[in-house]
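**Q** This structure is in structure tokens; I'll ask about it shortly.
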Amino acid sequence: MSVASARLSAKAWRFSRLLAFRTLEDGRRFSGAYSKMSTNPESIPKTQRAACYDKPNDPIKIRDIPVPEPGDDDLLVKVLFSGVCHTDLHVWQGDLPGVDRKPNVGGHEGAGIVVKVGRNVSSFKVGDRAGIKWINGTCLSCSECRQGWEPNCPKAVVSGLHRNGSFQQYALVKATEASTIPEKADLAHAAPILCAGVTVFKALKEAHLTAGEIVAITGASGGLGSFAIQYAKAMGYRVLAIDQKGSEEHCRELGAEWFVDFNNKDLVQQVMSLTDGGPHAVLDIAPAQQSIETSVQYVRTRGTVVVIALPKGVKLNADVTDLVLRALTVKGSYVGTRHDTDQAMDFFARGLIEVPVKIIPLSELATVYQAMIDKKISGRFVVDLWK
């Protein structure tokens with residue numbers, strides 16, 4: 001199946017997950033087999049396969065590179081699966097500063113098994129299941145870290161940006177930022193929770209809604225949007241999905257109560273009419289200036305607009321008088337904390353979130369990037385590092 005044709009319906013997603021992880025015992029046997037492969041230090045090779053590039057926009061090539069040695073506070077994780085995020089594309093294109101290594105390895109949704117620990121580490125042991133997130137390490141001593149806002153740490157180390165990421169068979173993560181993946185969670189499907197899942201979960205928390213209130217989600221049929229609909233429903237919120245016309249069935253199957261075509265010329269009026277005055281909050285996932293600015297118009301008085309999209313070079317234009325008189329809140333939300341990640345993973349492990357994935361070999365990573373550039377991608381792709 002080509003990347004461009006990899007659109008799966010919500011029903012097919014559920015079926016694919018059942019095939020990949022049919023029972024709890026299947027999942028334990030799956031993880032256990034990998035654990036046995038990984039717990040012997042002598043089995044750690046000197047070199048590994050990785051998807052590498054030397055400078056932004058260089059061709060991504062599969063190379064043999066050295067297996068890194070963990071520092072005193074690190075884990076060495078045998079990465080079995082790694083999700084592919086749009087931010088990986090931004091890093092490769094040079095949109096985010098910080099890459100100064102040759103070669104560079106992207107990836108920040110890595111799920112695998114701990115094979116070696118630094119001498120100061122007591123929170124993980126060899127054989128544990130661990131996740132590598134966007135935030136790979138923080139100082140834990142600055143004002144932001146002390147208040148539990150570690151993603152905003154000015155000294156944060158980012159996977160795939162400041163430190164080689166999870167598109168390699170063995171990757172490092174600071175133990176304090178590694179995520180514990182529950183035994184009953186399938187690793188391939190858990191990988192996207194480490195970024196996509198926690199990002200929308202945190203954004204919903206930032207909206208400060210109460211059960212029964214309405215959240216509008218722009219870009220609702222994409223990978224992040226599909227997660228957002230499910231998390232919103234699991235948290236007790238009502239969902240209005242906004243996306244292209246052909247995605248209505250998909251959004252409704254995931255739990256959206258209403259659907260609005262983003263090409264509708266009367267979008268603002270339709271949203272406000274369907275929700276009797278506007279949604280209480282909006283999650284702006286669609287990376288478009290018009291989408292973000294329009295959401296400020298239809299959100300309910302005293303409502304909150306949470307922006308998680310990163311449209312390059314876009315400036316927000318809003319009517320300040322309207323913001324003040326209607327007491328609106330417009331805010332950004334950036335990934336999530338360690339606690340947020342644990343909570344988002346718990347929702348998944350309890351079966352409340354279905355994770356639609358297409359598993360591909362490492363050699364097809366560049367193809368996925370190109371599909372992102374061409375805007376011909378749907379759903380989430382996960383790399384099997386061992387194929």
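**Q** Looking only at residues that are buried (at least 23 other Cβ atoms within 10 Å of the Cβ) and of a type outside the set (A, V, I, L, M, F, W, C) in the stretch 103-128, which one is nearest to V355 (Cα to Cα)?
**A** Out of the qualifying residues, it is E109.
**Q** Please report, ordered by residue number, the helices (runs of 4 or more DSSP H) entirely within the stretch 158-258 with at least 3 residues that are crowded, with 24+ Cβ neighbours inside 10 Å and of a type in the set (G, A, S).
**A** Counting at least 3 such residues, we get 196-206, 223-234.
**Q** May I pose another question? Every residue in the stretch 373-383 that is crowded, with 18+ Cβ neighbours inside 10 Å and more than 19 Å from L204 (Cβ to Cβ), please.
**A** I377, S378, G379, F381, V382, V383
**Q** Please work out which residue is surrounded by the most Cβ atoms within 10 Å (Cβ to Cβ), limiting yourself to the stretch 266-277 and to residues that are without any contact (Cβ under 8 Å) to a residue 40 or more places away in the chain and in a loop (DSSP other than H, G, I, E, B).
**A** G277
**Q** I'd like the full set of residues that are in contact (Cβ under 8 Å) with a residue 12 or more places away in the chain, assigned to a loop (DSSP other than H, G, I, E, B) and under 19 Å from L187 (Cα atoms), limited to the stretch 113-154.
**A** F124, V126, G127, D128, K133, W134
**Q** Kindly list the number of the only condition in (1) within 29 Å of the chain's Cα centre (by Cα); (2) more than 22 Å from V200 (Cβ to Cβ); (3) not in a loop (DSSP other than H, G, I, E, B) that fails for N263.
**A** Going through (1) within 29 Å of the chain's Cα centre (by Cα); (2) more than 22 Å from V200 (Cβ to Cβ); (3) not in a loop (DSSP other than H, G, I, E, B) one by one, N263 breaks only (3).
**Q** Among the residues of the stretch 76-102, count how many are over 22 Å from V382 (Cα atoms) and crowded, with 17+ Cβ neighbours inside 10 Å.
**A** Looking only at that region, the number is 1.
**Q** Here's another thing I want to ask about it. Condition first: acidic (D, E) and under 21 Å from the mean Cα position of the chain (by Cα). Now tell me which residues in the stretch 266-308 satisfy that.
**A** D284
**Q** Can I ask one more? Would you pick out the residues in the stretch 95-110 that are of a type in the set (A, V, I, L, M) and either in a helix (DSSP H, G or I) or under 21 Å from I44 (Cα atoms) (or both)?
**A** Within the stretch 95-110, V105 is the sole residue that qualifies.
**Q** List every residue pair whose Cβ atoms sit under 8 Å apart, with the two residues 6 or more apart in sequence or on different chains, where the first one lies in the stretch 165-184 and is without any contact (Cβ under 8 Å) to a residue 60 or more places away in the chain and the second, anywhere, is surrounded by fewer than 24 Cβ atoms within 10 Å (Cβ to Cβ) and of a type in the set (D, E).
**A** Taking only residues 6 or more apart or on different chains, not a single pair turns up.
**Q** What are the residues in the stretch 264-288 that are more than 12 Å from T218 (Cα to Cα), of a type outside the set (G, A, S) and out of contact with any strand residue (DSSP E or B) (no Cβ under 7 Å at 6 or more places or on another chain), if any?
**A** Matches in the stretch 264-288: N264, K265, D266, V268, Q269, M272, D276.
Readers should treat all values here as calculations from the given coordinates under stated rules, not as data from a laboratory. Treat the numbers as computed from the prediction; the structure is a model and nothing was measured. With ideal geometry, Cβ positions are generated from the backbone for all residues, glycine too; neighbour counts draw on all protein chains shown.
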